[in-house]
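Before any comments, here is the structure.
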Ligand SMILES: Nc1ncnc2c1ncn2[C@@H]1O[C@H](COP(=O)(O)OP(=O)(O)OP(=O)(O)O)[C@@H](O)[C@H]1O
Ligand SMILES: [Mg+2]
């Protein structure tokens, strides 16, 4: 079972306390001859108040790992505590509510809803939390403007370029100021200047002591923003790099 001390979902977390603790987390997709083992035993502590990056070759398990720690995918084995909650103990409806209240997730493929306008896509997390559609759309438009998408709120996401769609996905993940922000390749479709602006926004969310930010990336232009870089290789963490000379706070690794 999880070893972190349970807290209520609204409880503050001291700076550099462990926000997310993974021990021996495993995941295999499929069965029999077609089975693919994506995670072979992940040991990692993700500190609160910091930005943790995950890097590693294509197919090494990065998206699988962040999907599990964000409560989008169940693990097969091992222990996982996110802000003190073992997500495996939550029933499906409680888990959905936990995600709504705690998580912002930027998907690698953006996952925008084509039937909704750009503003409506971004406003969904606020509406789910009970804000009126009108107020949520206004806040969405303000955030979109800071990401260089002023005036695009009424468009269909299908009419936007890849980089514009990615910024919509980023706005949707940030708008409700989530406690846990998880970003899968958030700068992959952005030029250098937009990538820098987006990462400033993301980095700004990480410095609060009750927050945690996890960014999967191949983008070496943003590595310097990480407090910790966890190198994923074939379903395991095989190296941790800390930005400062402090000893790593991440868990035991192989
Ligand atoms: N839903 C799924 N069904 C079957 N296999 C899957 C599924 N999702 C991932 N996999 C497999 O698990 C392994 C890890 O995939 P994952 O998407 O986590 O890699 P990744 O590190 O994010 O790669 P990339 O950098 O290309 O995005 C791969 O071998 C992949 O084929
Ligand atoms: Mg991936």
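Throughout, read-outs are computed from the coordinates displayed, never taken from laboratory work. If you're wondering where the values come from, they're calculated on a predicted model, not measured in any experiment. Heads up, the Cβs are rebuilt from the backbone with ideal geometry, glycines too, and the neighbour counts pull from every protein chain shown.
Here are a few things to note about the model shown:
- Using a Förster distance of 22 Å, the FRET efficiency for residue 196-residue 241 (Cβ separation, nearest 0.05): 0.55
- Each label was represented as a point 7 Å from its Cα along the Cα-to-Cβ direction; for residue 93 and residue 74 these points are 1.8 nm apart.
- The share of C-alpha pairs in the chain whose separation exceeds 34 Å stands at 15 percent.
- Taking every DSSP bridge with both residues inside the chain, close to 55 percent are antiparallel.
- Taking 157, 57, 186 in turn, the Gaussian network model of the chain (Cα-Cα springs below 10 Å) assigns the largest fluctuation to 57.
- With respect to the chain, whose longest principal axis is taken over its alpha-carbon atoms, helix 133-146 is tilted by about 80°.
- Residue 218 paired with residue 115, simple spin-label distance in nm, labels 7 Å along Cα-to-beta-carbon: 3.4 nm
- The modelled label-to-label distance between residue 142 and residue 86, using points 7 Å beyond Cα along the C-beta direction, is 4.1 nm.
- Top of 28, 217, 52 by mean-square fluctuation, Gaussian network on the chain, Cα under 10 Å: 28
- For the options 135, 17, 35, a Gaussian network treatment of the chain with springs between C-alpha atoms closer than 10 Å singles out 35 as fluctuating the most.
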